[in-house]
Every structure is written in structure tokens, then in C-alpha cells.
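Below is one structure, written out as C-alpha cells, with a few remarks after it.
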Amino acid sequence: MKLILPLLLVFSLGAFAQDGKDKKEKWAQIKALKVSFLTTELKLTSEESEKFWPIYNAYEEKQFKIKHDKMRPLIKKIDEIGPDKMSEKDALSYLDQLEDADEELFNLRKKLVTDMKPLLGPARVLKLKKAEEDFNKKLLSKYKDKKG
């Protein structure tokens, strides 16, 4: 489930552009909402924000690149071929590549925690994790409401 929610968000947020607004504009709106949400939830001071956001933005950029440049093309290929139609060798290759990307994401997350602990302390790093999940849930809920 932890893997599915982020993947859903990455692959389905393009549908937010249905109301005629540009995708980049929608992403900017979502980013602004997330910045506001995390700043509020973590109760970041202006000094903490100056240090927090460059680290967090670099993390998010690298995370997006892994999901967009590595995982998305693999999933697209798997969908095109169909897991039932590929050879065991090909399936193993795709699985290995997806596992490598998952490991990259895991290591990236570990680095974020390592970088954030001195700045926020362990309790607020946990709060960051919870705030990210809460934001994703709210975003997904809004998306579902809009579709329904």
C-alpha cells in the first residue's frame, strides 16, 4: 500500500488538468499547498524553513526523477507487453529494475532522514513523515471527490 499511494499520485495527477488549466500550473498549485501544509504541520520557523526547504526540494526532485525516469517507463513497458505474455527472463529483468529503483527511493528517504534529524530532531522527522502521508491522503481524497 505504501508503494501504491505514491505511484497513484505520480501517475494520476495529470488528470487534474481536466478543467483546462495547464499541468505545470496545477503542479505549482499542489506544490504551494504542500509547502503551506508541511510548514504549518511542522511549525517551521523562518530560520528552519531556510534550511529545510532546499534539502526537502532536492529530495523531492530526485524522488520525482527516479519515479518518472526509471519506474514509469518500466511500468509502461510491462503494461504494453503484459506480465502474462513476457518470458520469465524478461519478467525477472523488469522486476530487478523495479527493485533497484525502489532501493534508490529507500536510500534517498534514508538520506532525507539523516539530513533532517539535526535540523528538526527525531520527533519532528516522524511528524514530517506523517504530514506527507496526510497531505497525500487529502490530495487523493480531493481528486476522488472531483472525479465522483
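Here are some notes:
- Greater than 30 Å apart at Cα, pairs in K26/K77; K67/K146; K76/K111; K76/K142; K110/K147: K110/K147
- The angle between the Cα long axis of helix 23-42 and the main principal axis of the chain comes to about 50°, on a 0 to 90 degree scale.
- Rounded D (µm²/s) - the chain, Kirkwood Rh over Cα pairs, Stokes-Einstein at 10 °C, 1.306 mPa s: 92 µm²/s
- Summing charges over neighbours of M86, with a neighbour being any other residue whose Cβ is under 12 Å away from its Cβ, gives -2 when K and R count +1 and D and E count -1.
- For the stretch 36-107 versus the stretch 118-148, the gap between their alpha-carbon centres in whole angstrom: 16 Å
- Dipole moment magnitude, nearest 20 debye, the stretch 13-148 about Cα centre, only Lys, Arg, Asp, Glu C-beta charged: 580 debye
- Radius 13 Å from Cβ of L38, net charge of other residues (Lys, Arg +1; Asp, Glu -1): +2
- Probe 1.4 Å, accessible area per residue of the chain, Å²: 68 Å²
The values are calculated or read from the model by the stated rules, or taken from the named source; none is laboratory data. No experiment lies behind these values; they were computed from the predicted model shown. All Cβ positions, even for glycine, are placed from backbone atoms using ideal geometry, and neighbour counts span all protein chains on display. Heavy atoms of the whole protein, side chains included, go into the accessibility calculation; ligands, DNA and RNA do not. Shrake-Rupley method; radii C 1.70, N 1.55, O 1.52, S 1.80 Å.
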